[in-house]
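Since the structure comes first, as structure tokens, the remarks are kept for the end.
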Amino acid sequence: MKDLSHPYIKELILMLTFSSQKNDQRWFHAFLPNKAANGIIEPILPVYAVNLGASLTQVGLLASLFSLASTPATYFWGKISDLLHKRMLFIALGFLFTSISTLLLALAVNVQQLILIRAAQGFLVAASVPAVGALIADTVAPAELGEKIGIFNKICGIGWVLGLVIGAISIGKLSIESLFILSAIMSLIASYFILKWGRDPTFFAKKRAAVIMPRPSLFEKRQYHPHMLFHVPKLTMVEKELFLYLAGTFLIFVAGTAVFTPFPVFLSSQLKLSNQQIFLVYTINAVASALSYEWVGKAADRVGHRKVQISGFLSRGIFLLFFVWAQSVWEVTFLFALIGVTWAIITVSGSAVVIKLAPLDKEGEIIGVYNAVIGISTIFGGLIGGLISQFYGFKVLFLFGAATVAIGALVVYVAFKMINRSSEI
């Protein structure tokens, strides 16, 4: 019974029994099956594409087109949600679109169909993206916003890990196509519960700063924050020091997406891992991230987000470099777990640093720019990763990732040095 005292275990039991301490938070729990649905299919999607005859370049294109389609779609769906004053409807539509498009992925007979369906999925599933953040912002008191976002993130994180575990258990007994169908069913269940538990707010904000949290990209995806886009952010407000910081983080995220988009194919083709083992490797990575968020946040508050973020960047670059010489499954799994820890460091410190660097009263807009930069980086990263891995091999890809992270870390360090307030971060 001692293990059941862990707060994540308690939260999981609470959600699985469809109960909640507060009714106004109950709709958060609909994201448990939704994120589990994502966790079931996304680690195996590149392998599925290769089985249909995709090249590594096409695997990268699969990820890039998804991001490319979802970026303008977020703004499109957000505007419609604002005009109709419907939040729950669009969250449910996003879940429903996820279910339908995932089912279509299972029915794809060639790579061309798979890429087309995945791009369409990027546009359609974005229907829920802006509505989530808007709903939280419209129904939560400012003093409780951080707490409620934390609860939401935890539920999504548990759902993601649960999906990976389900995938690991099921892949040995079910075909990949069957896993896609299972994922589609879970997304459908999520749409039911969001309509059952959710209520639209009676108050809608008239004007809001841009806060863009783009849909997570392939395998660098555990950004569970609410998603919002109400105004297109403008780079004209960005000072040169902050511009340098954004340029550095752009390189960091390009490197991450480039390396980890074709990473399941590396595990499958180079290390000869089974589909079940691939799920287990990703589960270990996800758990490492989940267990790191809290202590990383405390460490950043104590020693400074600037120092923690730089250490996270440098550590990630070193771990990517070690992949070049990793030969065994255990070495790769250990390094991938450490990459999960660096992901926690980057995500925890990233928004905090941007807020502290932003001009007064421009924090929301600058966060919008920051996350837009991340979204654009996933488009380029997927293409670059596919091309390098196909024509030059995975070792060159790991070297590219390590070098790009190192350059990005250097640019960020220079930006910190140029900013007088950097000592406060």
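Taking 7 Å steps out from each Cα toward its Cβ at V414 and F322 produces label points 2.9 nm apart.
Need the full-extension length gain, I284 to I185, defined as separation in residues times 0.36 nm minus the C-alpha distance. One decimal, nm. It would help to have the intermediate numbers written out before the result.
Working: separation 99, 0.36 × 99 = 35.64 nm, distance 2.51 nm.
Net length gain for the segment: 33.1 nm.
Placing dummy labels 7 Å off each Cα toward the beta-carbon, the span from S274 to A403 is 3.9 nm.
I'd like the FRET efficiency for Y192 and H85, computed as 1/(1 + (r/R0)^6) with the beta carbon distance as r and R0 of 30 Å, rounded to 0.05. Please report the intermediate quantities before stating the final value.
Numbers: r = 22 Å, r/R0 = 0.74.
In this case the efficiency is close to 0.85.
From most to least packed by mean Cβ count within 10 Å, the peptides 35-42, 245-252, 117-124 give 35-42, 245-252, 117-124. Specify whether the C-alpha gyration tensor of the range 150-196 places it in the rounded, prolate or oblate class, a ≥ b ≥ c being the square roots of the eigenvalues: rounded for a/c under 1.5, otherwise prolate if a/b is larger than b/c and oblate if not. Oblate shape, in that a/c is at least 1.5 and b/c is the bigger or equal ratio.
Taking neighbour Cβ counts within 10 Å as the exposure measure, how do S292, S170, S70, S99 sort from fewest upward? List each step's numbers first, then the result.
Working: S292 20, S170 17, S70 26, S99 23.
Ascending number of Cβ neighbours within 10 Å: S170, S292, S99, S70.
Listed from fewest to most Cβ neighbours within 10 Å, the set K86, K417 follows the order K417, K86. Length available on full extension from V109 to D301: 0.36 nm per residue minus the Cα-Cα distance, which gives 64.0 nm. Put in line by how crowded their Cβ is, counting other Cβ atoms within 10 Å and starting with the fewest, W160, W330, W197 read W330, W197, W160. Inter-label distance, D138 to R199: 1.4 nm, where each label sits 7 Å from its Cα along the C-beta direction.
Are any of the pairs K86/K154; K79/K307; K154/K196; K35/K272; K148/K196; K154/K240 more than 31 Å apart by Cα-Cα distance, and if so, which?
Working: K86/K154 25 Å; K79/K307 38 Å; K154/K196 21 Å; K35/K272 28 Å; K148/K196 20 Å; K154/K240 35 Å.
Long pairs (Cα-Cα over 31 Å): K79/K307; K154/K240.
Values quoted throughout were computed directly from the atomic coordinates according to the rules given, and no laboratory measurement underlies them. Values in this document were obtained by computation on a predicted structure and should not be read as measured data. FYI the Cβ positions are ideal-geometry reconstructions off the backbone, even for glycines, and counts take in every protein chain you see.
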